[in-house]
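Step one of this worksheet: look at the structure below.
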Amino acid sequence: MFREPSFWFDVRIYLVFAAILVIIIAFLKTWLAVVGLVLLYAMYYLGRRRYSQREKALTRYLESVISNVDKATYYALQELPMAIAIVDEGQQIHWRNRVFTEWFGEDAVEGQRVEVVCPAVDFASFHGTDGERLYECADRVFNVVHRCIVTESEPAERFTLLFFTDVTEQEHLRDRYEAEQLALTYLQFDNYNDVLKGMTDSQRATVVAEVNKLIGTWVAELGGVFKHYADDLYFVVIDRATLDRVILHKFDILDRMREIRAGNTIPLTLSIGIAVGEKNISELGQKAQACLDLSLGRGGDQATVSMYGDMQFFGGKSKALEKNTRVRARIVAQALHELIAEADRVFVMGHANEDFDSIGSAIGMAKMALHLKKPVHIVNSGRSSSLTKLNELLPDYKEYESIYVSGEEAVRLISANSLLFIVDHHRPMLSAHPPLLNLISKRVVVDHHRRAEDFIEKPLLTYMEPSASSTSELVTELLQYFDDRMDFSRLEASALYAGIVVDTKNFAVQTGARTFDAASFLRKAGADPNMVRQLFSLDFKSVKLRAAIVSSAEILPGGVIIATCPPELAATSVLAAQAADMMLNIEGIRVSIVIAQIGDEMVVSARSTGMVNVQVLMEELGGGGHQTVAGVQLKGNDLNRLRRQIIELVNKYLEESDYHESDLVGRSEKNGEKR
């Protein structure tokens, strides 16, 4: 059927033309017509025979080509440097090539389960899908491409075609490349001036020489290079593999720095900023500098590492030293005076669920704007029991009666030249009304917490002092330098005083000479302890709830007490914080933690006497705070699971702290033997 039409298609023109000639000749001579018919048939026969021969030759050629292709395909499947296998839904191998057997051993035969041949391949996770992934098996790394095959039979069967490519050498090369990447490091002797203050030139030279010797020895141990390019600044270059070793040892240079005794009465501390994995050297240097700034902003004596964009923090266990000078407070106060004078409207915003430190510092910043007769509004979150207490006193102070606005009201009041003060926090997610941060470009941050990674972007001015007891203390100092002619009302002075009292736990923790100076100034300005006591008073129901929380507490080894508050107690975050404060007064307790389930949230309040940095613990959970006061709010967590997680974090922290303390003692004894 196929050959005849093809043959006829090739010769029909010639045959038709010859037939016409035969017909014409038949009219002239009959015998010539007979001869023509014979010749016509001969032409047809010869043409057909030749076409048949050509077709047979082509068929033989195609069969030869197909045979060779089949052989080549089979050879390719067997000999390509790639292991290939077909696996069914039961994880059994239906077919594999020779390379698959060579790579995975004699057990790699039809009928064997793929998990037996290569345990590293999680076949169940990708069966029936198309994709690509890396697996390690028998000290080799394979890139596995998997493709789903569905047969046309009834019922249809599903197979997975696996292609294994050995990429061990490439992965080793990648590991080597990553290990040799530069890690730029900035080190700063962060309490340089405080340590050297009051020393003789000889003592100063000795201290500086000891610091240089320690850093030089440390860098030599790491196989890096360093440059001392300022009195208190060092530039160090190491590689990624070395950085991994430093991280493994938890930056023991920080402990070795505090161990130096060269006539100094204050322990020496070091801040470190390291960056690795940026696009180019310029960005790497900028990131390392930003990490150093972050370490300093968090109080110093710690290391901040940026590794491929992810931040890690180490150290930060020592107490931030109080600054002896107020020069910066005076400079900042003058800058604030100019900013407020240029603004046409001022907004002040604390953190959500405001406490008295947030409220007091906000009132203090609002006082600056009121003194310069600028329209000012304090933005509140609308869910603070402390603010409810303050509202009871506001009717007696007309200038503050309408100063508090909600976030939505504040958005409607924004003008082109508005100024926003952010107090007692620096993380956008904690703000009373976060959208306000994007609507006002002129922003000033005043805070006493250790700096976190997610800092508010591009503030005009940042005044952060982790050594301060509270933001209210910082604002009180700013008010003293803002204008000598300022008069304070009883409410203003008492609110700031309450902020200091609540964060120092009645001047028991994180309290320095400047804290008492600020409290003394406020007392002279009219702060009323009776009003403060009224703000802190609790109703009988709250007292019973707090007692119920404390009664559920359990004391753990290491001076840790932890209490869990189930939802049936109907506690608030304020009560949880108060219970944590209360438990810290128990003899022998270093850390108190309260976990409260409030609605669909888990609220954790952590307190410390200062021997343990609870901010580091809460940062592990995604929260933050201060060295002695910290917390976190979590959603979608289980009360018992969260409790176990916190206990593990605390135990790990205490074990590391005890290790470093014993290590320091051992080194001191060795040094004593040498002397």
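The values are calculated or read from the model by the stated rules, or taken from the named source; none is laboratory data. None of these values were measured; they are calculated from a predicted model. Backbone-built Cβ (ideal geometry, glycine too); neighbour counts: all protein chains shown.
The table that follows gives values for the structure above.
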{"quantity": "Enumerated helices (runs of 4 or more DSSP H) restricted to region 314-417, each holding at least 2 residues that are at pLDDT 90 or above and touching a Gly at 6+ places or on another chain (Cβ under 9 Å)", "calculated": "356-371"}
{"quantity": "Every residue from region 529-565 that is exposed (fewer than 13 other Cβ atoms within 10 Å of the Cβ) and under 25 Å from VAL614 (Cα atoms)", "calculated": "ALA547, SER551, GLU554, PRO557"}
{"quantity": "Matching option when the condition is more than 30 Å from VAL145 (Cα to Cα), in contact (Cβ under 8 Å) with a residue 40 or more places away in the chain and touching a Lys or Arg at 6+ places or on another chain (Cβ under 7 Å), among VAL211, VAL276", "calculated": "VAL276"}
{"quantity": "Count - residues of region 482-506 that are outside any helix (DSSP H, G or I) and either at pLDDT 85 or above or on the phi < 0 side of the Ramachandran plot (or both)", "calculated": "7"}
{"quantity": "Verdict on ALA563 being over 28 Å from GLU477 (Cβ atoms) and more than 36 Å from the chain's Cα centre (by Cα)", "calculated": "no"}
{"quantity": "Counted residues, region 247-263 - those being of a type in the set (A, V, I, L, M, F, W, C), modelled with pLDDT of 85 or more and either touching a strand residue (DSSP E or B) at 6+ places or on another chain (Cβ under 6 Å) or not in a helix (DSSP H, G or I) (or both)", "calculated": "4"}
{"quantity": "Residue under evaluation THR160, criteria (1) in the same structural domain as ALA120 (by TED's automatic domain parsing); (2) surrounded by fewer than 18 Cβ atoms within 10 Å (Cβ to Cβ), criterion not met", "calculated": "(2)"}
{"quantity": "Flag for VAL22 being modelled with pLDDT under 70, assigned to a helix (DSSP H, G or I) and surrounded by 13 or more Cβ atoms within 10 Å (Cβ to Cβ)", "calculated": "yes"}
{"quantity": "Flag for HIS371 being touching a Ser or Thr at 6+ places or on another chain (Cβ under 6 Å), in contact (Cβ under 8 Å) with a residue 24 or more places away in the chain and not charged (D, E, K, R)", "calculated": "no"}
{"quantity": "Residue satisfying condition, being within 28 Å of the chain's Cα centre (by Cα) and of a type in the set (Lys, Arg), within set ARG485, ARG450, ARG523", "calculated": "ARG450"}
{"quantity": "Unique residue being assigned by TED's automatic domain parsing to the domain that holds ARG96, farther than 17 Å from PRO81 by Cα and over 33 Å from the mean Cα position of the chain (by Cα) when the list is ARG147, ARG133", "calculated": "ARG147"}
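Let's see how each residue does on (1) over 34 Å from the mean Cα position of the chain (by Cα); (2) farther than 21 Å from PHE356 by Cβ; (3) not assigned by TED's automatic domain parsing to the domain that holds LEU390:
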residue: ALA577; (1), (2), (3): no, no, yes
residue: ASN585; (1), (2), (3): yes, no, yes
residue: ALA596; (1), (2), (3): no, no, yes
residue: MET602; (1), (2), (3): no, yes, yes
residue: ASN613; (1), (2), (3): no, yes, yes
